[in-house]
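Chemist: Once you've had a glance at the structure underneath, I'll fire off some questions.
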Amino acid sequence: MAKIVVDVMLKAEILDPQGNAVAAALPRLGFTFAQSVRQGKRFEIEVAGEPTPAQLADVEKAAEVLLSNPVIENYVVRVEK
Amino acid sequence: MRVGVVTFPGTLDDRDAARAVRAGGAEAVELWHGDADLKNVDAVILPGGFSYGDYLRCGAISRFAPVMTLIIEQANKGMPLLGICNGFQVLCESHLLPGALTRNSDLHFLCRDQKISIENVETPWTSNFSQGQEILIPLKNGEGSFQCDDATLAALEGEGRIIARYVGDNPNGSRNLIAGITNAHGNVVGLMPHPEHAIDPLTGPSADGLGFFTSILNAMVK
């Protein structure tokens, strides 16, 4: 069984109020390392056996039409060993 | 004159939308998300709420409901279609309208009476208003910040496709104070605040919202 991971992030130019709220909360806890924080989504998709090129192409398609909204988000598909 | 009102699982405002349709003088027809049947309606309203629990993104899953396939097909042929709040989000996810609705800039769920100005009175949903008319209707959402790229914004502005703007402070970070837009053809309208909750001073802040529902009747009778 392998895992296909799809990471979805808001595009850089889209305001991320959740990321900003996290960035503002960190220093209150004494964590001063963050210049900025962006928050995204991660999908973990399990498939039987090694993912085939056709499966990966289908995941790309699904990422484009359902998992992300291309108007405001980018996505990256990868296989996790 | 039959106006369909769609109920998705998680829709909240279908009853008020149907009541507003009747108050406007048309017949309200219940449409179910799982039915591939538009019951011969002349126009459709996608009401507010949290369809499919807002899972994934607001409106992202509703877009693929069986009833939406027919609605998208008819809207592309010119059928008047109004999406209110969550309905507006569904229209953007369906690519019937450009842009996207994102989380309010201050993260708060807003619920308040909001003044908006009507900026395009050419659509079948706004023809009973006067250009620049200011109306007071409820605004209630967590993800109402309208975002799009610069080219889309320039097109919306240049083509007069912004049908309503917030008056006063920007409540949610929407670009150019956008409260509602229409498509290039003018038959599909998305609106973030709620006219269906303002058709009677007894239960709303005004009766200003009724104009959307009398407009559609006039548009269809013409």
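Chemist: Determine the relative contact order of segment A:2-80: mean sequence separation of Cα pairs under 8 Å and six or more apart, normalised by residue count, in whole percent.
Modeler: Relative contact order for segment A:2-80 comes out at 54 percent.
Chemist: Let me ask something else about it. Hull surface divided by four, with the convex hull built on the Cα atoms of the protein assembly as shown: how many nm²?
Modeler: Averaged projected hull area, Cα only: 18.0 nm².
Chemist: Which residue fluctuates most in the GNM of chain A (Cα springs below 10 Å): A:Val71, A:Val37, A:Val59?
Modeler: Looking only at A:Val71, A:Val37, A:Val59, the biggest GNM fluctuation is shown by A:Val71.
Chemist: Ranked by Cβ crowding within 10 angstrom, fewest neighbours first, how are B:Asp37, A:Asp16, B:Asp169 ordered?
Modeler: Lowest count first: B:Asp169, B:Asp37, A:Asp16.
Chemist: Can you list the residues, at least 5 places off or on another chain, whose amide H is less than 5 Å from the amide H of B:Gln114, using H built in the peptide plane?
Modeler: B:Ile137, B:Leu139
Chemist: Straight-line reach from B:Lys140: which lysines have a Cα under 24 Å away, not including same-chain ones fewer than 8 places off?
Modeler: Within the straight-line limit of under 24 Å, B:Lys140 reaches these lysines: B:Lys115.
Chemist: Still on this structure, I have one more. Exposure proxy check: B:Cys111, B:Cys92 ranked by fewest other beta carbons within 10 Å?
Modeler: By the 10 Å Cβ count, ascending: B:Cys111, B:Cys92.
Chemist: Based solely on C-alpha atoms, express the radius of gyration and the Dmax of segment B:103-173 in angstrom.
Modeler: Cα-based Rg and Dmax for segment B:103-173 come out at 13.1, 34 Å.
Chemist: For A:Ala2 and A:Arg38, what is the calculated FRET efficiency with R₀ set at 35 Å and r taken between the beta-carbons, to the nearest 0.05?
Modeler: Taking R0 as 35 Å, the efficiency between A:Ala2 and A:Arg38 is 0.80.
Chemist: Arrange the following residues from fewest to most other Cβ atoms within 10 Å of their Cβ: B:His194, B:His108, B:His33.
Modeler: In order of increasing Cβ crowding within 10 Å: B:His108, B:His33, B:His194.
Chemist: What shape does segment B:2-221 have by the C-alpha gyration tensor, where a ≥ b ≥ c are the square roots of the eigenvalues, rounded means a/c under 1.5, and otherwise prolate means a/b greater than b/c and oblate the rest?
Modeler: rounded
Chemist: So if I restrict to the alpha-carbon atoms in segment A:2-80, what is the Rg, and what is Dmax, the biggest pairwise distance, in Å?
Modeler: 15.8, 47
Chemist: In vacuo Debye scattering of segment B:30-92, one point per C-alpha: log10 I(q)/I(0) at q = 0.20, 0.26, 0.28 Å⁻¹?
Modeler: Listed by q, the Debye log ratios stand at -0.72, -1.20, -1.36.
Chemist: Let me check I've understood the local charge: for B:Val67, count other residues with C-beta under 14 angstrom from its C-beta, Lys and Arg +1, Asp and Glu -1. What total comes out?
Modeler: Taking every Cβ under 14 Å from that of B:Val67, the sum is -3.
Chemist: With charges only on Cβ, +1 for K and R and -1 for D and E, what is the dipole size of chain B about its Cα centre, in debye, rounded to 20?
Modeler: With only Lys, Arg, Asp and Glu charged at Cβ, the dipole is about 140 debye.
Values quoted throughout were computed directly from the atomic coordinates according to the rules given, and no laboratory measurement underlies them. From a predicted model like this one, the values you see are computed outputs, not experimental measurements. Ideal geometry is used to build each Cβ from the backbone, glycine not excepted, and the neighbour counts take in all protein chains shown.
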